[in-house]
Amino acid sequence: MQRIVLLGATGYTGTLVAHELVRLGARPLLAGRSRDRLASLVDDLTSVTGPRLETAIADVDDPATVRALVEHGDVLVSMVGPFVRHGGPAIEAAIDTGAVYLDSTGEPAFIRDVVERYGPRAHAAGTALLTAFGHDWVPGNVAGALALREAGDATTRLSIGYFGSGGGGISGGTRASAARVVLEPSYAFRGGRLRAERVGARVVTFELGHGRRVRGVSAGGTEPFTLPALAPGLRDVDVVIGARTPSLRLVPAATAVLTGALRVPGLGPRVRRVLEARSTGSSGGPDAARRARSRSHVVADARDADGALLRRVRLDGPDPYDLTARFLAWGALRAAEDGVRGTGALGPVDAFGLDAMLDALREAGVRIR
Ligand SMILES: NC(=O)c1ccc[n+]([C@@H]2O[C@H](COP(=O)([O-])OP(=O)(O)OC[C@H]3O[C@@H](n4cnc5c(N)ncnc54)[C@H](OP(=O)(O)O)[C@@H]3O)[C@@H](O)[C@H]2O)c1
């Protein structure tokens, strides 16, 4: 089995991934910028690992320290965000050495960079980049691919919605990344091609039957990059994040005003500074009791050119952070044991196949309908 290196292991998500990996029997190298925090994580894990896990100091502000972590054939998992600010050194290190790379990002601007800029370089180097291998955006890829497989060639539109229930909560790292997401460009797959579109540009409604409807606002996702290749007739892919608040309908106007403000000389940089200053990570996240009450729900609707629903796939699973830890641990272990199908920037279904991903979701506690 190849070595697994966890960068950002001492963060909120990194700690969950480290616990999940050792639960599955792996012995990852834990990397981070603080010797003390690494030592305390190793202490916490020894009841499961027995002999202490190895650690390494690496700081993304000193890329050579990140490069020194990995060797050819390793699996590098990065959870150091916001990725538009901190993500480059890990991905460069993976391409440089020929390590398989996974990350926990959900940020559209970074995802687009991975696919369009780093992907071809990784392909040339013979290695694979699996970006956004967490709750954002693995389940939508799997639900979308299953809906496409079962609905057949008549599908022209896929609408994928991510919803939550039970309260949950978000981590400091997610808050920091979210502040960056609204500042950066995004995209959507519309009319058969990828188009620039700001996050939150549209409200999408899902009719769940018996008069029940849920709504969400458009987000980037990885689905616009990965799913069109599976269905040549696909013209539109909507990826939305749901919310129950009545003010959801105001989001498109609010994001339009923000995007406009960012373009105004003098004002733009100030707005940017205010939002960036609010984005501080490394401040923890929902505890186990809170996560135990929270649930994730994903819907993928495949429709034909007349708008008729051909297939709806529904996923219901545990809290998004628990799912993120389980997906990243599963993906890293699978890549370390059996490798990955293909090179370059790959979606989860490209990398492991739909049936293996369906098994991964079930193992993670997701019910698939
Ligand atoms: N896709 C999804 O569904 C999903 C789910 C969860 C998280 N995420 C994303 O994953 C990222 C991490 O989230 P989180 O909640 O774990 O955040 P976090 O608790 O703030 O963790 C960030 C990690 O990055 C490390 N870090 C920060 N600056 C660094 C530097 N200069 N060099 C090396 N390491 C550095 C931190 O180190 P210290 O421990 O030393 O502070 C910490 O380990 C965020 O971008 C978040 O949006 C996505």
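Based on C-alpha pairs under 8 angstrom that are at least 6 apart in sequence, the chain has a relative contact order of 22 percent.
If you plug the beta carbon distance of Arg263 and Arg293 into 1/(1 + (r/R0)^6) with R0 = 56 Å, you get a FRET efficiency near 0.85. Remark: the Glu363-Ala305 segment gains 17.4 nm on full extension, using 0.36 nm per residue and subtracting the alpha carbon distance. Each Cα pair of the chain feeds into the Kirkwood radius, which the Stokes-Einstein equation turns, at 25 °C and 0.890 mPa s, into a diffusion coefficient of 118 µm²/s. Proximity of backbone amide H atoms, modeled 1.01 Å from N, is registered between Val240 and Ile160, Gly161, Tyr162, Ala219 at under 5 Å, excluding neighbours fewer than 5 places apart on the same chain. Sparse packing (at most 15 other Cβ atoms within 10 Å of the Cβ) combined with a DSSP loop state is found for the following trypsin sites (Lys or Arg not before Pro) in the range 262-362: Arg278, Arg341. With the biggest extent put first, the Cα atoms of the range 245-287 measure 40, 29, 8 Å across the principal axes. Comparing Thr222, Leu21, Ile241 along the charge dipole axis of the chain, the residue lying farthest to the positive side is Ile241, per the Cβ-charge model. Relative contact order of the range 236-367: 16 percent, from C-alpha pairs under 8 Å at least 6 residues apart in sequence. Of all the options Asp316, Asp74, Asp153, the one that moves most in a Gaussian network model of the chain with Cα springs shorter than 10 angstrom is Asp153. Shape class of the range 278-369 from the alpha-carbon gyration tensor: oblate, with a/c at 1.5 or above and b/c at least as large as a/b.
Loop sites by DSSP among the GluC sites (Glu not before Pro) of the chain, restricted to those with at most 16 other Cβ atoms within 10 angstrom, leave 72-369 as the longest stretch without any of them.
Using the alpha-carbon centroid of each, what span in Å lies between the range 211-225 and the range 72-101? Each part's Cα centre sits 28 Å from the other's.
Can you tell me how the range 174-227 classifies by the Cα gyration tensor, rounded, prolate or oblate, using a/c under 1.5 as the rounded cut?
Oblate, because a/c is 1.5 or more while a/b does not exceed b/c.
Rounded to the nearest 500, the helix-only mean residue ellipticity at 222 nm of the chain stands at -12000 deg cm²/dmol, with each DSSP H run of n ≥ 4 adding -39,500 (n - 2.57). Overall form of the range 88-242: oblate. Here a/c, set by the Cα gyration tensor axes a ≥ b ≥ c, is 1.5 or more, and a/b is not larger than b/c. Does anyone have the angle between helix 354-363 and the longest principal axis of the chain? Alpha-carbon axes, 0 to 90°, nearest 10? With rounding to tens, the tilt is 70 degrees. What the phi angles of the range 234-246 give under the Karplus curve with 6.51, -1.76 and 1.60, with θ = phi - 60°, is a coupling list of 5, 10, 9, 10, 9, 10, 10, 10, x, 7, 8, 5, x Hz, glycine and proline written as x. Using only Cα atoms, find the angle between the long axis of helix 320-338 and the longest principal axis of the chain, and express it within 0 to 90 degrees, rounded to the nearest 10. The answer is roughly 60 degrees. What percent do you get for the relative contact order of the range 1-138 when only Cα pairs under 8 Å and 6+ apart count? In percent, rounded to a whole number, it is 20. Once the C-beta distance of Ser34 and Leu248 is scaled by a Förster radius of 56 Å, the resulting FRET efficiency is 0.90 to the nearest 0.05.
Given a 1.4 angstrom probe, I'd like the percentage of the accessible area of the chain that is carbon and sulfur, rounded to a whole number.
50
Applying the Karplus relation 6.51 cos²θ - 1.76 cosθ + 1.60 with θ = phi - 60° to the range 52-65 yields 3J(HN,Hα) values of 5, 6, 7, 10, 8, 8, 8, 10, 5, 6, 10, x, 4, 5 Hz, where x marks Gly and Pro. Over the range 174-289, the alpha carbon radius of gyration divided by the compact-protein estimate 2.2 N^0.38 Å works out to 1.24.
The values are calculated or read from the model by the stated rules, or taken from the named source; none is laboratory data. Just so you know, these numbers come straight off a predicted model, no measurement behind them. A quick note on method: Cβ atoms are made from the backbone with ideal geometry, for glycine too, and the neighbour counts reach across all protein chains shown. When the accessible area is computed, the model is the full protein with side chains, heavy atoms only, and any ligands, DNA or RNA have been set aside. Shrake-Rupley method; radii C 1.70, N 1.55, O 1.52, S 1.80 Å.
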